[in-house]
Amino acid sequence: MTNSKSLSVVLIDDSALVLAQLEELIEQIDGVEVVATANDGTGAIRVVRDHTPDLAIMDIVMPQMDGLAALRVINHNFPTTRVAMLSSVAGSASKAEEAFRLGAIQVIGKPFDARILESLFESERAWHDSKDSQD
């Protein structure tokens, strides 16, 4: 997809280690750019508002405002940003189901696999390219 513009991504997780791991994996993927990070739901809303990314990758369980509450706000106020959620193995299936019900496009388990992220970015680029060609 050489013609495709870079996919802009924001990362939100309360763990600095998880953010660092995600950024390191994404740096190795062509055509994907991390434009901002945040460590809670309030920060998620702020970086989505400020950067209008194509994709937000956000943890479900965070202090202050969790990912599900932030997902509600993002989907309502920033409909052009799609959201994939991160969930630890310890996270309950009901939270993942709630994320899908609220409009998440994918729930990615932790620890995450680079191939799953690559597949997510590939499908998002294709989705954005098809949407752009319809406009």
Would you mind telling me which numbered condition in (1) farther than 25 Å from E122 by Cβ; (2) in contact with a strand residue (DSSP E or B) (Cβ under 6 Å, 6 or more places away or on another chain) P63 fails? (2)
Among the numbered conditions (1) loosely packed, with under 15 Cβ neighbours inside 10 Å; (2) under 14 Å from G103 (Cα atoms); (3) of a type in the set (S, T, N, Q), tell me where Q28 comes up short. (2)
What number of residues within the stretch 37-72 are of a type in the set (K, R) and in contact (Cβ under 8 Å) with a residue 60 or more places away in the chain? 0
Hey, among L25, L19, L55, L7, which residue is within 18 Å of I116 (Cβ to Cβ) and out of contact with any helix residue (DSSP H, G or I) (no Cβ under 8 Å at 6 or more places or on another chain)? L19
Among residues of the stretch 1-50, those that are part of a strand (DSSP E or B), of a type in the set (S, T, Y) and in contact with a Gly (Cβ under 9 Å, 6 or more places away or on another chain), counted: 1
What's the total number of residues in the stretch 61-106 that are in a loop (DSSP other than H, G, I, E, B), at pLDDT below 95 and hydroxyl-bearing (S, T, Y)? 2
Is it true that T42 is among the polar types (S, T, N, Q), modelled with pLDDT of 95 or more and either closer than 23 Å to K5 by Cα or touching a Leu at 6+ places or on another chain (Cβ under 8 Å) (or both)? no
Pairs, please: C-beta under 6 Å, at least 6 apart or cross-chain, first residue within 26 Å of W127 (Cα to Cα) and in the stretch 3-23, second aromatic (F, W, Y)? L7/F121
How many residues does the stretch 44-71 hold that are of a type outside the set (A, V, I, L, M), under 13 Å from the mean Cα position of the chain (by Cα) and within 20 Å of S87 (Cα to Cα)? 2
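The values are calculated or read from the model by the stated rules, or taken from the named source; none is laboratory data. Worth saying up front: this structure is predicted, and the values here are computed from it rather than measured. Methodologically, a virtual Cβ is constructed for each residue, glycine included, from the backbone with ideal geometry; neighbour enumeration extends over all protein chains shown.
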